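Below are the structure tokens for one structure; questions will follow.
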Amino acid sequence: TLEAIIPNANAIIDERIIETNLGLWTGAIKTEINPEELAQFRAGNFTPPEGEKREDVEARVLDFVKDLFDKYKNNERILVVTHAGIIKALEFRFFGKKQSRVENLGMLEIDNKVFNDFIKKEESKWK
């Protein structure tokens, strides 16, 4: 996908933004999955058998974003290419948006203000 957006770009691979591990659902087609479980998963209320918990995905993605903001402090514009599940995790953590459909080549922008407001809110929970 990055190559289609920016040919010959210098890609940096980071394991924290790989797609969610769907466990036993990996490779399955929708008709092979219990419809109630699938609906609950899409609502963020179910983890597939042997899959990765939503909270674990959010934690690793948040760690990645924190590192980005530590590294790029001068309002540089950066492009992160990742999977829909990761974008959903970011939407939930930063904007409280429940699981929604992310279109192919969807986009989410998190600027310094959004990030700093989020950190302040999180820090207040720790006190």
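The values are calculated or read from the model by the stated rules, or taken from the named source; none is laboratory data. Keep in mind that this is a model prediction, so the values were computed, not measured. Heavy atoms of the whole protein, side chains included, go into the accessibility calculation; ligands, DNA and RNA do not. Shrake-Rupley method; radii C 1.70, N 1.55, O 1.52, S 1.80 Å.
Using a 1.4 Å probe over the heavy atoms of the protein chains, calculate the carbon and sulfur portion of the accessible area of the stretch 17-76 as a whole percent.
51
Determine the order of V65, V80 by accessible area, beginning with the largest, at a probe radius of 1.4 Å.
From most exposed to least exposed: V80, V65.
Just subtract the alpha-carbon distance of A28 and I6 from 0.36 nm times their residue separation and send over the number in nm, one decimal.
4.7 nm
Which value, in Å², gives the accessible area per residue of the stretch 1-105 when a 1.4 Å probe is used on the protein heavy atoms?
That works out to 71 Å² for each residue.
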